[in-house]
Every structure is written in structure tokens, then in C-alpha cells.
1. Per-residue counts of other Cβ atoms within 10 Å, averaged by peptide: what ranking do you get for 256-264, 24-32, highest first?
2. Quote to one decimal, in nm, the extra length available between residue 418 and residue 285 on full extension: 0.36 nm per residue of separation minus the C-alpha distance between them.
3. In nm, to one decimal, how far is the modelled label at residue 47 from the one at residue 486, with both set 7 Å along Cα→Cβ?
4. In what sequence, highest mean first, do 521-530, 397-406 appear when ranked by Cβ atoms within 10 angstrom?
5. Compute the angle between helix 382-394 and the longest alpha-carbon principal axis of the chain, please, reported from 0 to 90 degrees and rounded to the nearest 10.
6. Two decimals is fine: what's Rg over Rh for the chain, C-alpha atoms, Kirkwood radius as Rh?
7. Expressed in nm to one decimal, what extension gain is obtained for the pair residue 224 and residue 81 from 0.36 nm per residue of sequence separation less their Cα-Cα distance?
8. How far is helix 307-319 tilted off the main Cα axis of the chain, in degrees rounded to 10, range 0 to 90?
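What follows draws every value from the coordinates through simple rules; no lab data is involved. Just so it is clear, the structure is predicted and the values come from calculations on it, not from any experiment. A quick note on method: Cβ atoms are made from the backbone with ideal geometry, for glycine too, and the neighbour counts reach across all protein chains shown.
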Ligand code: GLN
């Protein structure tokens with residue numbers, strides 16, 4: 001079988017949803033039992049996302065294999081319902097560091113090392129080695145940024161070269177603005193973008209158009225003309241009720257046929273797969289019920305910091321036939337006495353992950369409210385740590401108990417740095433990362449939620465529950481529901497009296513539309529029961 005590739009490029013501006021397009025193309029091919037895998041290129045010179053600020057760059061996504069990758073990997077996994085690996089993530093940082101290491105070890109003796117051909121060859125070798133290792137039917141390469149950026153120019157050049165010797169279909173995503181909702185759609189920006197692409201030596205095979213209203217025929221025809229394509233290769237990607245509808249929307253326009261033809265596959269549509277997907281997306285469109293969930297976090301100003309959490313709520317909402325209305329509550333706003341009034345109408349509260357002291361007292365207030373008022377509660381990573389602190393302070397009477405991350409001088413370090421983390425000075429890839437197994441005790445809410453006593457979830461943290469206080473907390477009523485036996489770490493805690501679960505893990509990272517995170521489905525069920533009570 002010859003190797004087959006799709007390269008997804010963006011024109012004009014970022015943030016158009018290239019990740020959703022890439023995921024939808026792969027999903028669409030999966031409906032034909034064509035095994036496609038994503039590769040993502042990011043032009044930044046960081047080695048990976050681990051050292052980036054979630055408040056600027058969005059969530060750092062973590063894979064089972066401990067890789068800290070771009071949040072687009074979250075999209076891929078949520079669409080594909082597959083665990084991916086870190087070697088599918090190529091960054092400018094990884095490429096340059098490999099190249100320079102090679103140069104230092106004499107790999108190019110006598111030569112002057114250049115972007116072309118050395119770096120471009122490195123990229124091609126990298127792509128081919130991923131293909132050989134994973135042996136998919138198609139590799140779908142998403143190029144971060146837009147055509148014309150300096151950061152990705154060498155990567156795009158390598159794709160141009162690659163296409164001269166390989167089977168490559170180029171898909172490009174563009175933006176078609178209209179001056180107001182009823183105004184005419186303007187194709188001039190796309191014309192300019194296409195010219196830039198052609199200048200780079202690449203002719204698109206498909207152009208996908210982001211717009212607020214459905215793509216007009218006139219606009220479609222004009223874009224087809226400027227990209228040397230038939231109108232059937234200019235595809236609408238206008239605002240929809242959910243990104244998960246995109247694979248179906250592409251199929252409705254015949255993009256499946258176009259790509260299968262270009263890639264020379266004669267596979268038949270697997271109707272069952274498509275129908276199963278359509279059943280779930282319909283639940284998102286027409287939910288029977290709704291619940292109101294408050295997310296009390298410290299990065300609520302940038303919703304992408306909580307991308308996986310937001311999606312896990314969509315998945316578990318669909319599973320429970322309920323629309324989840326999210327109320328984003330900046331935790332610093334809960335630090336005065338009036339905080340209960342801000343939490344009153346919620347059917348459930350989540351305190352998600354985070355780093356540093358700012359906002360943690362507000363989180364603790366929200367947790368206290370949830371416990372005392374029996375509002376269903378989920379604490380994720382930092383949320384579980386603050387749940388521990390709240391219990392220590394307000395139930396066990398440990399005054400000013402805290403995590404040593406927030407207050408290194410506290411008398412009660414109920415959350416403390418993991419022993420082996422103490423000596424680590426290097427940054428990036430050094431936290432407790434990736435998938436860890438956990439044993440859930442019988443007769444706990446967590447065990448019931450997972451319908452299993454042995455689970456695996458992903459982690460990204462440095463601090464942990466301090467076992468020194470375990471007995472005191474248990475004696476006071478806190479349930480220690482889950483333990484990592486190998487390292488003797490507390491991974492799940494619970495309240496006895498109401499639905500309140502805290503986990504040191506990030507179960508939201510493994511939630512998929514077809515396989516929602518069990519902890520979230522149980523939480524939404526409890527929140528829904530509470531909304532019915534009221
Ligand atoms: N800051 C905490 C720690 O490092 C929690 C991390 C998180 O929420 N991901 O342990």
C-alpha cells in the first residue's frame with residue numbers, strides 16, 4: 001500500500017477551528033473504516049506545551065504516555081475515541097533541538113547546516129518514521145498557524161517538497177466574512193490567502209470555508225474559480241450547534257467522496273458507525289432536560305484553559321439527555337462574605353485544576369458551600385486538594401490548614417509536595433504526568449460511578465494528599481475512596497453525606513463523545529436529581 005497523506009493548512013487567521021476540521025476529516029474516514037491518524041505541527045520553539053501558560057495558550061493536554069501536548073490533541077481524542085501518543089506531536093522546538101544535537105554529534109561534518117534541505121529533510125524523515133511506526137491508512141497532518149507565518153514557513157515548504165514524491169491531498173481552511181449577518185459574503189480575503197498558498201507552491205485540493213452564515217453559492221463559485229477547483233471541492237463550515245456535527249455536515253456535502261477519490265479508497269460507508277455518532281449529536285441538539293453547573297476556577301477569563309472540562313460536560317450531558325449550562329465563576333470573586341449568594345442557583349459545582357495561590361480561598365469557600373448545602377461537587381486535581389484543605393479546616397478543626405504550594409509555613413500541610421518532586425529543578429515533562437492506575441474501594445461513590453474497582457486516569461501535578469493526616473481525616477468522616485497502591489498515594493476522596501468526589505487525576509482528559517468520563521456522567525446525574533428536587 002502506498003503511503004497516503006492529507007495536509008490541513010489554515011489561511012488568513014488562526015482560531016478558525018482547524019483542529020475540529022482535522023478531527024472531523026479523520027472521523028469521516030473512520031465511518032468508511034479507513035484508519036486515519038493525526039499529526040500536529042506547532043511552530044513555537046518550546047519543546048512541548050508543558051511550560052506554557054494555560055491562561056494564554058489554553059489547556060495543556062496530557063496523554064497516557066506522559067506527553068504534554070497541544071490542546072488540539074484533546075479534540076482528536078474526543079472525536080476519535082482513541083488514545084494517542086506524543087510522537088504525533090511535532091514542534092519547532094523538537095525539530096531544532098534534534099537538528100542541533102545531530103550537528104553537534106558530527107551528523108553534518110563539513111556542511112553548512114540550513115533550513116533547506118537539512119531542517120526540511122528532518123521533517124520529512126520525521127513524518128515518514130511516524131507513518132512506518134503507526135502504519136495508518138492515511139496520516140492527516142495539521143499545520144498550526146496560517147500560511148504566510150514565519151514560524152511554519154519551513155514546515156509548509158517541506159510539505160510542498162513532500163508532495164512531489166508522495167500521495168498528498170491539501171485541504172485548506174479559510175474565513176469568509178460578511179459585513180453583517182444579512183450582508184454579502186466577501187471572498188477577497190480568501191483570494192489573497194489562496195494567492196499566498198499558490199506562491200508557496202501549493203495548490204489546494206479542497207477549500208473549507210468558515211463563516212457565520214451558510215456559504216452562499218456566489219461565494220462558493222468565486223472561491224472555486226480562484227483555487228482552480230470545482231465547486232464541489234469548496235466546502236461550507238458555517239457556525240453549527242456543535243462541532244461534533246461537523247463530520248456529518250461534511251458528508252452531507254460530499255467531502256467524503258472527494259477525499260476517498262483523491263486518496264483512491266473504494267471503501268463503503270459503515271452506516272452503523274455513522275448512525276451511532278448521529279444519535280449522540282442529536283442528543284446534543286435536542287436535550288430533554290438541563291442542569292446548571294458552576295465552574296469555580298482561576299482561569300475563567302480564558303475558557304480554553306478548561307477545554308477538556310467543557311467538553312466532558314457536553315459528553316456527560318448528552319449521555320444524560322441534558323443540556324449542561326455552565327456558569328463560569330472566577331474563584332477570586334468568592335473571597336468575600338457574600339459568596340453564597342453567587343452559588344445559590346447551581347445544581348452542581350466543579351473546582352478544576354490550577355497552579356498557585358491566587359483564587360484558592362474562593363475555591364475553598366465554594367467547596368464549603370457545596371458540602372454544607374449538599375450540592376453535588378466534583379474536585380479535579382487542585383479541586384481535590386482544596387477539598388482536602390476545606391475538610392481539614394472546617395471539619396477536622398485544623399486551623400489554617402493548606403497545601404504547602406499555597407502556604408509553605410502552614411502548621412497543617414494536608415497537601416504536600418510529592419517526595420520525588422523535591423529534587424527536581426528542570427522544567428517541562430517533570431511533574432507527575434500521564435496515566436496511573438488507581439484502586440477504588442468497594443461501596444464508594446467513585447467505585448459505583450466507574451462500575452469498576454481498578455481504573456486508570458491521567459495526571460499532571462506536583463503535590464499530593466499528605467498521608468500523615470489520613471487517619472485524622474478519615475476519623476472525622478472523609479472517605480478515602482481511591483489509592484495508587486504502587487506509590488501509596490491518595491487519588492480519590494469523598495464526602496459521606498452527599499455527592500462530593502475529589503480526584504487527584506484529570507478524568508476530563510479521557511472523556512470522549514462516544515465514551516464520556518464515568519465520574520462526569522455520575523456527577524451530572526446527581527446534579528440533575530438535585531435540579532428535579534428543587
Ligand atoms: N498545583 C497543584 C499541583 O501541582 C494542582 C495541579 C493541577 O491542578 N493540575 O499538585
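1. Descending mean neighbour count gives 24-32, 256-264.
2. Taking residue 418 through residue 285 to full extension adds about 43.5 nm, to one decimal.
3. 2.2
4. Put in order of decreasing packing, that is 521-530, 397-406.
5. With rounding to tens, the tilt is 10 degrees.
6. Rg divided by Rh gives 1.00.
7. 48.1 nm
8. 80
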